[in-house]
């Protein structure tokens, strides 16, 4: 019981302590807990462990953790805090598990909730399941929807609408990416591979190329691979008005050649050159890529009512773009 000098005796440990060492309990006459905080904590811990044991659960012993460290209950190791991820929902601001354990637990949860990690990613990225993917692949005969030679392994979708289009091989999927799913560029690339280059009458000329020192490695590479000199390439680029002959939008980066005959064709920008290479320099594959993209592109659009003011704004914006183009363009035809 409480004594006049503000202390109280704990019947559990038998010590007389200050009332600040006891918790609050309104049901007691003095308004204080029967046991001191240390004894109450010990009793509470023992009671909790007893209940868990009755349920067949094991309560881990507390682990001494140094400053700037954290205990991972999964691998049962004390690690520096920088080996834990961030989690603002936690009081510590860190994940409960270290990074390797967190990744493992996340994967296990995905498999538990979605059947597999792949199924989870397909749902997240494309809104389809593994069964949907297998059905699509079966309809394609197990092959890439474009080249029809290599097995399809990658889900392809429209970056504009998010619509899943088919299952492609690595090369065809990357080829579409390099051309930005642009059917006009794909048609120009197919014509280019068929030996037809469409020379424009008006282009926006790029900035003047820097005529600095030519690395010896470039000279050796051009002579060994294409039997060309640096001056020959510069003349070729100048004849192309300093632009790629496929897209007519970017300066050329690479000399393009036929992989079958070895003949040099023109100088292309990196996306066009790489995209053509991904399609195996085969115009038939590129034409099939054009048909593939067009087949799943919406032909009809929902009619949307546009006010006179909105229509005038669209016409004005289009006129500004046209005026800006011709202000910067040069006649080359």
Reported set for the stretch 84-93 where residues are closer than 17 Å to residue 65 by Cα and at pLDDT below 95 is 91, 92, 93
Looking at the structure I just gave you, is residue 191 modelled with pLDDT of 95 or more, more than 23 Å from the chain's Cα centre (by Cα) and outside the structural domain of residue 281 (by TED's automatic domain parsing)?
no
Residue hits (the stretch 21-35; surrounded by 12 or more Cβ atoms within 10 Å (Cβ to Cβ) and either in a loop (DSSP other than H, G, I, E, B) or out of contact with any strand residue (DSSP E or B) (no Cβ under 9 Å at 6 or more places or on another chain) (or both)) are 25, 28, 30, 31
Filter the stretch 83-125 for residues that are crowded, with 17+ Cβ neighbours inside 10 Å and closer than 26 Å to residue 154 by Cβ; the one that is nearest to the chain's Cα centre (by Cα) is 122
Inside the stretch 123-157, the number of residues satisfying the requirement of being in a helix (DSSP H, G or I) and more than 30 Å from residue 75 (Cβ to Cβ) is 12
| task | Consider residue 4 carefully, then state whether it is at pLDDT 90 or above and surrounded by fewer than 14 Cβ atoms within 10 Å (Cβ to Cβ). | result | no
Quick one: is residue 291 within 29 Å of the chain's Cα centre (by Cα), surrounded by 11 or more Cβ atoms within 10 Å (Cβ to Cβ), closer than 22 Å to residue 147 by Cβ and modelled with pLDDT under 90? no
With the first residue restricted to the stretch 27-39 and required to be free of Cβ contacts under 8 Å to residues at least 12 places away in the same chain, and the second required to be in a helix (DSSP H, G or I), Cβ contacts under 8 Å at 6 or more apart or on different chains are 33/40
Scanning the stretch 159-175 for residues that are at pLDDT 95 or above and under 17 Å from the mean Cα position of the chain (by Cα), the one farthest from residue 122 (Cα to Cα) turns out to be 174
Output for Cβ contacts, cut-off 6 Å, separation at least six or different chains, first residue closer than 16 Å to residue 192 by Cβ in the stretch 221-247, second part of a helix (DSSP H, G or I) and at pLDDT below 95, reads none
- Task: Answer with yes or no whether residue 181 is touching a residue at least 60 places away in the same chain (Cβ under 8 Å) and buried (at least 17 other Cβ atoms within 10 Å of the Cβ).
- Result: yes
Flagged in the stretch 251-281 as surrounded by 16 or more Cβ atoms within 10 Å (Cβ to Cβ) and over 30 Å from residue 208 (Cβ atoms), in numbering order, are 278, 279, 280, 281
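The values are calculated or read from the model by the stated rules, or taken from the named source; none is laboratory data. No experiment lies behind these values; they were computed from the predicted model shown. Here Cβ is always computed from backbone atoms with ideal geometry, including for glycine, and neighbour counts include all displayed protein chains.
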